[in-house]
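Working notes for the structure below.
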Amino acid sequence: EALSTHYNNFYEFDTSKDVVDLAQALPIRPWTITIDGMVEKPQTIDIDTLLKQMPLEERLYRHRCVEAWSMAVPWSGFPLKSLVDLAAPLSSAKYIRFETFNNPDVAPGMGAAWYPWPYVEGLTMAEATNELAFMVTGMYGKPVPKQNGAPLRLVLPWKYGFKSIKSINHISFTDKRPVTFWQSLQSEEYGFWANVHPELRHPPWSQASERVLGSDERVPTQKWNGYGEYVAHLYDGLQGEKLFM
Ligand SMILES: Nc1nc2c(c(=O)[nH]1)N[C@H]1C(S)=C(S)[C@@H](COP(=O)(O)O)O[C@H]1N2
Ligand SMILES: [Mo]
């Protein structure tokens, strides 16, 4: 209770409320996504207009959290590559920068000045156009719940879960490597790449094994979260980078 009061004073909202309940305040219609930067077709597009143009499909992916748990999730959505094609990036574009809505009235935690809101993530163009990079609109055969990133989130199954930015409303194509939310907070622990590896991530805790949610099992963690045959080649020539943190 003391801790709860402490956090309530910081955040000025009722932290005893479950995040699932708080998340329901997020309006997800209308919702627009602004696509800009180094593209032939900058645009602000309504989510439903976008979805009509995207090839929707279902995928079952392993999900590996940096806090050493894992699960398999049946997602629905469309390949990020389809959205990249819609934007028609210029050859000068080297990275994509993703940004979340920023509204402390709806998401009171965003009022906390010690976090660099809004949430920002980034990918290289090669990563973004890889067949595994997936834009999610649903899970378990239903629209994705607000607490899980409605109406549009990213899923990158070979990277730690925190790369999977939720509730995206801004996608920029750029020649500068984006500085991600967690990098700007703690660059020693959270890098740009964040690919899953059982041995190489910076401490404080081991990534050698993972707790499988919903069971008492711990299983060994796999490099690239098991997706190496699809993604390992993306990193040829980048061995000098801290690919696994
Ligand atoms: N938009 C947005 N996406 C985000 C985050 C965030 O704060 N905002 N946090 C990331 C981190 S660090 C984690 S651990 C997961 C948390 O998702 P969960 O609450 O569904 O477990 O979302 C990731 N995606
Ligand atoms: Mo996290």
Inset, instruction - Only residues that are of a type in the set (Val, Ile, Thr) and loosely packed, with under 13 Cβ neighbours inside 10 Å: list them for region 221-243, please. - result: none
Legend entry - Test for residue 72: is it more than 13 Å from ligand 1 (Cβ to nearest atom) and more than 18 Å from residue 167 (Cα to Cα): yes
Inset, instruction - Return the residue satisfying two criteria in turn: it lies in region 99-119 and is modelled with pLDDT under 95 and hydrophobic (A, V, I, L, M, F, W, C), and of such residues it is least open to solvent (accessible area, probe 1.4 Å). - result: 112
Inset, instruction - Name every residue in region 80-98 that is open to solvent by less than 40 Å² (accessible area, probe 1.4 Å) and under 18 Å from the mean Cα position of the chain (by Cα), in order of residue number. - result: 80, 82, 83, 84, 95, 96, 98
Inset, instruction - Tell me which residues, restricted to region 54-69, are within 21 Å of residue 191 (Cα to Cα), touching a Ser or Thr at 6+ places or on another chain (Cβ under 8 Å) and not charged (D, E, K, R). - result: 63, 68
Inset, instruction - Out of 198, 178, report the one residue that is more than 16 Å from ligand 2 (Cβ to nearest atom), at negative phi, in contact with a Ser or Thr (Cβ under 6 Å, 6 or more places away or on another chain) and part of a loop (DSSP other than H, G, I, E, B). - result: 198
Legend entry - In region 40-80, the residues that are among the charged types (D, E, K, R) and closer than 30 Å to residue 210 by Cα: 57, 58, 59, 62, 64, 67
Inset, instruction - Name, by its number, the condition in (1) within 13 Å of ligand 1 (Cβ to nearest atom); (2) under 26 Å from residue 47 (Cα atoms); (3) among the polar types (S, T, N, Q) that does not hold for residue 186. - result: (2)
Legend entry - Count of region 154-168 residues which are open to solvent by less than 10 Å² (accessible area, probe 1.4 Å), over 16 Å from residue 81 (Cα atoms) and in a loop (DSSP other than H, G, I, E, B): 4
Legend entry - Selection status of residue 133, aliphatic (A, V, I, L, M), more than 24 Å from residue 30 (Cβ to Cβ) and surrounded by fewer than 17 Cβ atoms within 10 Å (Cβ to Cβ): no
Inset, instruction - Return a yes/no flag: does region 90-113 have any residue that is part of a helix (DSSP H, G or I) and more than 16 Å from ligand 2 (Cβ to nearest atom). - result: yes
Inset, instruction - Among the residues of region 54-71, write down those that are within 17 Å of the chain's Cα centre (by Cα), away from ligand 2 (no atom under 13 Å from the Cβ) and not aromatic (Phe, Trp, Tyr). - result: 59, 60, 62, 70, 71
Inset, instruction - Being surrounded by fewer than 19 Cβ atoms within 10 Å (Cβ to Cβ), away from ligand 1 (no atom under 11 Å from the Cβ) and not charged (D, E, K, R) narrows it down to one of 138, 122, 191, so name that one. - result: 138
Inset, instruction - Answer yes or no: is there a residue in region 75-82 that is closer than 21 Å to residue 232 by Cα, assigned to a strand (DSSP E or B) and more than 16 Å from ligand 2 (Cβ to nearest atom). - result: yes
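The values are calculated or read from the model by the stated rules, or taken from the named source; none is laboratory data. A quick note: this is a predicted structure, and the numbers were derived from the prediction, not measured. Note that we place each Cβ from the backbone using ideal geometry, even for glycine, and neighbour counts take in every protein chain shown. Accessible surface is based on the protein model in full, side chains and every heavy atom, while ligands, DNA and RNA are left aside. Shrake-Rupley method; radii C 1.70, N 1.55, O 1.52, S 1.80 Å.
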